[in-house]
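The structure is given below, and queries will be raised subsequently.
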Amino acid sequence: MNRKQIVERNHPVLTRIEPLSPLSVGNGEFAFSADLTGLQSFPEAYEVPLGTQSNWGWHYTGGHSRFSDQDIPYQTFDTYGRVVAYPMKPEDKPEAYHWLRQNPHRLQLGRIAFRFFKEDGQEAAITDVTPIRQEMNLWSGILYSEFTVEGVPVKVTTGCHPQRDTIGVSVHSPLIGSGRLEVFLLFPAPDMLHRSWSKAVYADWDNDGRHQTAVESGSERDVLLKRVMDEDSYAVKWEWNTGGVKQTDVHEWTLVPEYGADTLDFTVTFAPDSPRTASVTVTELLEASSAYWESFWQGGAAVDFAGSSDPRAPELERRVVLSQFLCALHSAGSLPPQETGLMYNSWFGKLHLEMHWWHAAHFPLWGRAELLRRSMDWYNDILPQARELARSQGYEGARWPKMVGFDGRQSPSPVAPGLIWQQPHPMNLAELLYRAEPSQAVLERYEALVFEAADFMVSYAHWEEERQAYVLGPPLIPAQECHAMHESKNPPYELEYWKFGLEIAIRWAERLHKPANPLWVKVAGAMASPPQAEGLYLAHEHCPNTFSEKNHDHPSMVGALGILPGTLIDRDVMRNTLLKVKDCWDWDTAWGWDFPMCAMTAARLGERELAVEFLLMDATKNHYLPNGHNYQRPGLTAYLPGNGGLLTAVAMMACGWHEGGERSLPGFPQNGTWKVRWEGLNPWL
């Protein structure tokens, strides 16, 4: 397969301002999003914040210990005769509740932008800039931007170092030598200023007194700036080849090139403290980026849809190629990512652990297990917090929270503390890593993670004597979050996932030649049957109106066969359920990963055409922008779980799954309209 040809024919190329589609460079730990100029010169022209974000850049407003979990009220729920408390009530102490929900929050590290001047000396506006062509070269990870300012050409090359949080920029234009082009670096205040994440100010440019920026050191060609915000800080090093930097506002520094120069090269490095590595030139940075991304594309898997006569095939290939790039850039770092990756803050920049599977399960399937491994060790790091969360609720083992900062502490929320479907995710991901590398080292690395997660699961399941089975909830909130905590019982997906996760733990004990907890075997073998009525699976057994009043949000009941092997599932009932979902679901309320989830269910059922229909359904939440991001709604224009889910579904539809699955394109129609070639994919579980 000519991998370079597949990638290059899907490069994003823009010839106008795309307000929803800024392009980004990055390395999995750090990313920089740019406008039509290759920097962040005209953010007002974009509906998407132009972010500069990292996995290490976090802030606590007013200090790290302003409030603690003891400062907020908890809502209690009867749990089979005992009381369990969850932080779900904002009413009594709203200041502490919302502070804990918002903190720590991820930082916008700074804005790097051009300042252009017109011939009359006035600063140029966006109306004075004419886009010509902007191309994101996926093969090299480098962004090329061409435009004019009052007719004068400007060419900008923007890249990110693959191992450092460094941006490198090379500018060629007559504007440089005539004094009509400058570059400035501007820093915002760090606070979140609204209690709703979707309305929270991403970057506050007004409150200069809430933070400090100072010069630590400098010379003719570089400056080191120190940023301080309450108890948090970071460093920024700026290096250039011509001219000098001067302070032009409280938190703004401007680079003024020398007259007569026609090229301006500079690098900006962000770091939690003063950078300790040797400087790199722009040329060295771009060469490193090119080598890294070429290796990325030449390694792992590839899929080629060329030759398909189905008119949807080129768009699917575009989504597949761009999703690989975006997931490697935004979802392959040392932390589980936020839902918008490193583009901008969603839910205050926090990690949603029920989404980690959607962000990253595809990496081992596409032969890139090392990109998942980067974030998996974080679960081992937060095991003490997960154990304490389980203990505080009267359970054994370790309970993974849902919405967290880098520190692993759960956030108060009206929904998040009640979810449980994130619990088997790390076990599932660890199993994928073991399938990719079946070694003793992998088993030992994630042994505690798998075993302690399973201990919680058997402690959480309740034995119901009357039905002689283990049940889940109430209280719980299913993956379909529109159900009440105190009513929800036995959602099908969670029942199947509980069984599946415990069976992983049993297999790991066997592989490690250790005795399995007898309760793992007992509970896995006696999970309640998923509830159904009139030949359809229900959202949960107390929701007979699933397909009338509750046909919105996630149709998660179908995940019990598709994402999972469905050992508790009747295939005919699931087929009926999937067809009912397709016909009656309110798809405007669904989310980007719901479409690949349904496609995976269709593939397991042998419904090949239906799998493609779900994957490429014409729906707002299934729209992929020119930059490849999965659009959801205003304010949520990037949604990486959709991209990751797409890659997982395509791998499964092309390569099949283990035990009993077909391997010859089981998710694509065999009527001659689809020509799908692939190499390097691994089968799904």
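Quick one: if you take sqrt(5λ) for each eigenvalue of the C-alpha gyration tensor of region 260-359, what semi-axes come out, biggest first, whole angstrom? Walk me through the intermediate numbers first.
Details: eigenvalues 192, 110, 37 Å².
Listed largest to smallest, the semi-axes of region 260-359 are 31, 24, 14 Å.
Additional query: Please give the contour-minus-distance gain from residue 277 to residue 309: 0.36 nm per residue of separation, less the Cα-Cα distance, rounded to one decimal in nm.
6.4 nm
Another question, if that's okay. Counting helices only, and only those DSSP H runs with n ≥ 4, report the 222 nm mean residue ellipticity of the chain as the sum of -39,500 (n - 2.57) divided by its residues, in deg cm²/dmol to the nearest 500.
Details: 17 runs with 195 residues, N = 685.
Rounded to the nearest 500, the figure is -8500 deg cm²/dmol.
With a bin width of 10 angstrom, please list the P(r) values of region 313-679 as percents of all Cα-Cα pairs, from the 0 bin to the one holding the largest distance.
5, 25, 37, 26, 6, 0
Shifting gears a bit: Ordered by packing density, taken as the mean number of other Cβ atoms within 10 Å over each peptide's residues, highest first, how do 33-46, 109-122 rank?
Values: 33-46: 21.9, 109-122: 17.6.
So the order, starting with the most tightly packed, is 33-46, 109-122.
Within the P(r) computed for region 54-180, what percentage of the Cα pairs occupies the region above 18 Å?
Working: 5687 of 8001 pairs.
Tail of the P(r) past 18 Å holds 71 percent of the pairs.
Let me ask something else about it. For region 313-679, what's the relative contact order in percent, using C-alpha pairs closer than 8 Å and at least 6 residues apart? Walk me through the numbers on the way to the answer.
Values: 676 pairs, mean separation 59.0, N = 367.
Reported relative contact order: 16 percent.
Okay, next question. Note the angle between two axes, namely the Cα long axis of helix 383-392 and the longest principal axis of the Cα atoms of the chain, as a number of degrees from 0 to 90, rounded to the nearest 10.
Helix 383-392 and the main axis of the chain meet at about 50 degrees.
According to a simple spin-label model (label point 7 Å from Cα along Cα-to-Cβ), what is the distance in nm between residue 5 and residue 548?
5.7 nm
Excluding same-chain pairs closer than 8 in sequence, count the lysine pairs in region 444-595 whose Cα atoms lie under 18 Å apart. Can you show the working numbers first?
Numbers: 489/499; 489/550; 499/522; 514/522; 550/580; 550/582.
So the count works out to 6.
By per-residue mean of other Cβ atoms within 10 Å, what is the highest-first order of 442-454, 58-70? List each step's numbers first, then the result.
Values: 442-454: 20.8, 58-70: 14.9.
With the highest mean Cβ count within 10 Å placed first, the list reads 442-454, 58-70.
Right, here's the next one. Please list 426-438, 633-645, 566-578 highest first by mean number of surrounding beta-carbon atoms within 10 Å per residue. List each step's numbers first, then the result.
Working: 426-438: 20.4, 633-645: 23.7, 566-578: 18.7.
Put in order of decreasing packing, that is 633-645, 426-438, 566-578.
Once you have a ≥ b ≥ c as the square roots of the Cα gyration tensor eigenvalues for region 109-191, tell me rounded if a/c is under 1.5, and otherwise prolate or oblate according to whether a/b is larger than b/c. Present the calculation step by step, with values, prior to reporting the outcome.
Values: a/c = 2.12, a/b = 1.30, b/c = 1.63.
Oblate shape, in that a/c is at least 1.5 and b/c is the bigger or equal ratio.
Specify the inter-centroid distance of region 45-107 and region 294-347, based on alpha-carbon positions, in whole Å.
Rounded to whole Å, the Cα centres lie 31 Å apart.
Here is a follow-up. By how many degrees, between 0 and 90 and to the nearest 10, does the Cα long axis of helix 640-655 differ from the longest principal axis of the chain?
Its long axis makes an angle of about 60 degrees.
Could I ask something else about it? Return a whole-number percent for the relative contact order of the chain, with Cα pairs under 8 Å and 6 or more residues apart as the contact set. Before the final figure, lay out the partial values.
Details: 1550 pairs, mean separation 88.5, N = 685.
With pairs under 8 Å counted, the relative contact order is 13 percent.
With labels modelled as points extended 7 Å from the Cα through the Cβ direction, what inter-label distance (nm, one decimal) is found for residue 262 paired with residue 133?
With each label placed 7 Å out from Cα toward Cβ, I get 2.0 nm.
Which value, in debye to the nearest 20, gives the size of the charge dipole of region 313-679 about its Cα centre, when Lys and Arg are +1 and Asp and Glu are -1 at the Cβ?
Working: 32 positive and 42 negative charges, 149 e Å.
For region 313-679, the charge dipole is close to 720 debye.
Cα extents of the chain along the three principal axes, largest first, in whole Å?
Principal-axis extents of the chain (Cα, largest first): 86, 63, 49 Å.
Take the alpha carbon gyration tensor of region 1-62, find the square roots of its eigenvalues, order them as a ≥ b ≥ c, and report rounded if a/c is under 1.5; if not, report prolate when a/b exceeds b/c, else oblate. Present the calculation step by step, with values, prior to reporting the outcome.
Details: a/c = 3.53, a/b = 1.43, b/c = 2.47.
Taking the square roots of the gyration eigenvalues as a ≥ b ≥ c, region 1-62 is oblate.
Give me the percent relative contact order of region 152-307, please, defined on Cα pairs under 8 angstrom at least 6 residues apart. Each step should come with its number before you reach the end.
On the way: 290 pairs, mean separation 42.0, N = 156.
Relative contact order here is 27 percent.
If R0 is 22 Å, what FRET efficiency do you get for residue 586 and residue 47 from their C-beta distance, rounded to 0.05?
On the way: r = 25 Å, r/R0 = 1.12.
Step by step, r from the Cβ atoms, then E = 0.35.
Hey, fewest Cβ within 10 Å first, where do 363, 296 land in order? Could the numbers behind the result be given before it?
Details: 363 29, 296 20.
Lowest count first: 296, 363.
To continue, here is another question. Run through every distinct alpha carbon pair of region 308-461 and return the Kirkwood hydrodynamic radius in angstroms, one decimal place.
Numbers: mean 1/r = 0.0609 Å⁻¹.
The Cα-based Kirkwood calculation yields 16.4 Å.
Here's something else I'd like to know. Given the C-alpha centroids of region 573-648 and region 139-193, what is the distance between them in whole angstrom?
Result: 36 Å between the Cα centres.
Using a/c under 1.5 as the rounded threshold, could you call region 533-678 rounded, prolate or oblate? The axes a ≥ b ≥ c are square roots of the C-alpha gyration tensor eigenvalues, and prolate needs a/b larger than b/c, oblate otherwise. Provide the component values of the computation, followed by the final result.
Numbers: a/c = 1.89, a/b = 1.05, b/c = 1.81.
Cα axes put region 533-678 in the oblate bin.
Modelling each spin label as a point 7 Å along the Cα-to-Cβ direction, I'd like the residue 125/residue 670 distance in nm, to one decimal.
Label at residue 125, label at residue 670, 6.3 nm between them.
While we're here: Can you give me the Cα centroid spacing of region 20-39 and region 439-496 in angstrom?
After rounding, the separation between the Cα centres reads 39 Å.
Expected output is a single nm value to one decimal: the length gained when fully extending between residue 172 and residue 468, i.e. 0.36 nm times separation in residues minus the C-alpha distance. What is it?
Details: separation 296, 0.36 × 296 = 106.56 nm, distance 7.45 nm.
Contour length minus Cα-Cα distance gives 99.1 nm.
Can you give me the angle between helix 492-511 and the longest principal axis of the chain, using Cα atoms only, in degrees from 0 to 90, rounded to the nearest 10?
90 degrees
Computed from the coordinates by the stated procedures, all read-outs in this text should not be read as laboratory data. None of the values given here were measured: they were computed from a predicted structure. Backbone-built Cβ (ideal geometry, glycine too); neighbour counts: all protein chains shown.
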